[in-house]
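Student: Below you'll find the structure I mean.
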Amino acid sequence: MKGRSQWSTQHYIALFTSALFGISVGLGASVYASRDGDSTVNRLPLEDLRLFTEVVNRVKTAYVDEIDDATIFEHAIEGILSGLDPHSAYLKPEAFRDLQINTSGEFGGLGIEVGMENGFVKVVSPIDDTPAARAGVQAGDLVIQLDDQAVKGMSLMEAVNIMRGKPGTPIILTIIRDGETEPLRIRIVRDVITVRSVKSRLLEPGYGYVRIAQFQVNTGPDMVKALKKMRSEQDLRGIVLDLRNNPGGVLQAAVDVSDAFLSEGEIVYTKGRLPNSEVHYKANRSGTFEDLEMVVLINGGSASASEIVAGALQDHRRALIIGEKSFGKGSVQTVTPLSTRDRALKLTTALYYTPNGRSIQAQGIEPNLVVDRAKLTRVANRGVSIKEADLRGHLDNGNGEGTDAAGKSATGEDEEEDLAIQDYQLFMALNALKARTLLD
């Protein structure tokens, strides 16, 4: 048995040495230290390889269940990637297909963008009009249990696979939320998730609203189309661009959106270790809407591509950023299909920087004006409120203005009050937008 174990360890060392040598040569790097004694990151760590193969051999011979070599190597690959950062991953066939589907805007599940924090699943943001959003899941929630299974000890992909399932089937998420004294149990029914990237409407005459829920391949053109439609219907003076709870998405889509409001200059650039990782994205056409005043709304669920847009518009002083500090995901992931074709490697390869050279990683975008989420309530009148207009024989003001039969202001004040109650941050953004147009 001893001789067999020794042979197995040597076999694995030789196998891994050969594999790593091939990888190193493929990258065009030497696998040995330089002659002057300067250590290189590509030198084979033989002692570490011995330790690794010793563990592999112990698992093969002593683990309660027999495990084949393919499974061991697959687990080893998953371990390498999961130990790097929350966004790097080894994508098996199903996960790779899901990633490709997600960027097109339709996929199955609950409708939340998630990451890992301290061994728990952290909600980056719920996606608009999805089961999770309708059930009340919020950005920053920590998921500690999925049905009756504890999340602690799971990998992110394992947790995601449990949350996915056949449309119409329920799952209960047990979550910890800031401000709550006890865990919350939220029941969500799975569904096919179709994300409508861009939504738009008028807040009031002259002031538009554009909501981007996620950056997909066609987000840029869809946003431009929506703005052109609003502009064709009336004189559009300014817009509120809502990026709250937008988890990011396709980098090029963020560049396209920024480019629609900038006529020149840098939008974002990336830097990493690989020679081709330094890429500069610049505004390369006249800003289609550079004459529109802008306010951008962000919060703790605004991540990645959302932060690229907010950072670019802030650095160019093109827009006022309002809301809460953003999530702080300033890293770039490169998805590389592997030789097996149905698997891929999602690897963090670079950090991105705003035009002024700011790294967003673990820092986020600081809004120019902090407006926390708040809920306003109407204060009911304690007694009878009598105004001039209530007096018999009161004089008309001669302007034809007053109140309608229901007592609502003909100037739209009630609609403005409703917005303040329904969405206080948006209400403040609209007021700031009006102030900017008046100052021009």
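Student: Please verify whether residue 177 is open to solvent by less than 60 Å² (accessible area, probe 1.4 Å) and basic (Lys, Arg), treating the condition exactly as stated.
Tutor: It is true that residue 177 is open to solvent by less than 60 Å² (accessible area, probe 1.4 Å) and basic (Lys, Arg).
Student: So how many residues does the stretch 328-347 have that are within 15 Å of the chain's Cα centre (by Cα) and in contact (Cβ under 8 Å) with a residue 60 or more places away in the chain?
Tutor: The qualifying residues number 4.
Student: Which numbered condition in (1) surrounded by fewer than 24 Cβ atoms within 10 Å (Cβ to Cβ); (2) in a loop (DSSP other than H, G, I, E, B); (3) modelled with pLDDT of 95 or more is the only one that residue 300 fails?
Tutor: Condition not satisfied by residue 300: (3).
Student: Next question. Starting from the stretch 243-268, take each residue that is outside any loop (DSSP other than H, G, I, E, B) and list its partners that are of a type in the set (Lys, Arg) and open to solvent by 30 Å² or more (accessible area, probe 1.4 Å), counting only C-beta distances under 7 angstrom and pairs at least six apart or across chains.
Tutor: Note: pairs meeting the criteria are 259/285; 266/282; 267/282.
Student: Of everything in the stretch 203-260 that's in contact with a Leu (Cβ under 7 Å, 6 or more places away or on another chain) and open to solvent by 20 Å² or more (accessible area, probe 1.4 Å), which residue is farthest from residue 324 (Cα to Cα)?
Tutor: Out of the qualifying residues, it is 203.
Student: Is at least one residue of the stretch 205-222 at pLDDT below 95 and of a type in the set (Ser, Thr, Tyr)?
Tutor: no
The rows are residues; the columns are (1) free of Cβ contacts under 8 Å to residues at least 40 places away in the same chain; (2) within 21 Å of residue 244 (Cα to Cα).
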residue: 185; (1), (2): yes, no
residue: 192; (1), (2): no, no
residue: 198; (1), (2): yes, yes
residue: 201; (1), (2): yes, yes
residue: 211; (1), (2): no, yes
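Student: Can you pull out the residues in the stretch 133-177 that are in a strand (DSSP E or B), without any contact (Cβ under 8 Å) to a residue 24 or more places away in the chain and of a type in the set (A, V, I, L, M)?
Tutor: Matches in the stretch 133-177: 150 only.
Student: May I pose another question? Can you name the residue in the stretch 399-440 that is assigned to a loop (DSSP other than H, G, I, E, B) and closer than 21 Å to residue 369 by Cβ and is also modelled with the lowest pLDDT among such residues?
Tutor: 440
Student: Could you grab me the full set of residues in the stretch 72-98 that are open to solvent by 50 Å² or more (accessible area, probe 1.4 Å) and in a helix (DSSP H, G or I)?
Tutor: 73, 75, 77, 78, 80, 82, 94, 97
Student: Which ones in the stretch 418-440 are free of Cβ contacts under 8 Å to residues at least 40 places away in the same chain and either open to solvent by less than 10 Å² (accessible area, probe 1.4 Å) or in contact with a Pro (Cβ under 9 Å, 6 or more places away or on another chain) (or both)?
Tutor: Result: no residue meets the conditions.
Student: Out of the residues in the stretch 325-350 that are open to solvent by 50 Å² or more (accessible area, probe 1.4 Å) and under 18 Å from residue 303 (Cβ atoms), which is modelled with the highest pLDDT?
Tutor: Ranking the candidates gives 325 first.
Student: For the stretch 25-67, which residues satisfy the criterion of being assigned to a loop (DSSP other than H, G, I, E, B), touching a helix residue (DSSP H, G or I) at 6+ places or on another chain (Cβ under 9 Å) and at pLDDT 90 or above?
Tutor: 66, 67 - these are the residues of the stretch 25-67 that are assigned to a loop (DSSP other than H, G, I, E, B), touching a helix residue (DSSP H, G or I) at 6+ places or on another chain (Cβ under 9 Å) and at pLDDT 90 or above.
Student: What number of residues within the stretch 68-114 satisfy the criterion of being of a type in the set (Ser, Thr, Tyr), under 28 Å from residue 302 (Cα atoms) and at pLDDT 85 or above?
Tutor: Going through the stretch 68-114 one residue at a time, the tally reaches 3.
Student: Which condition from (1) within 30 Å of residue 74 (Cα to Cα); (2) out of contact with any strand residue (DSSP E or B) (no Cβ under 9 Å at 6 or more places or on another chain) is the one that residue 286 breaks?
Tutor: Residue 286 satisfies all of (1) within 30 Å of residue 74 (Cα to Cα); (2) out of contact with any strand residue (DSSP E or B) (no Cβ under 9 Å at 6 or more places or on another chain) except (1).
The values are calculated or read from the model by the stated rules, or taken from the named source; none is laboratory data. On a predicted model such as this, the values are computed, not experimentally measured, just so you know. Quick reminder, even Gly has a Cβ in these numbers, built from the backbone with ideal geometry, and neighbours come from all protein chains shown. Just so you know, the surface numbers come from the protein's heavy atoms only, side chains and all, with ligands and any DNA or RNA stripped out. Shrake-Rupley method; radii C 1.70, N 1.55, O 1.52, S 1.80 Å.
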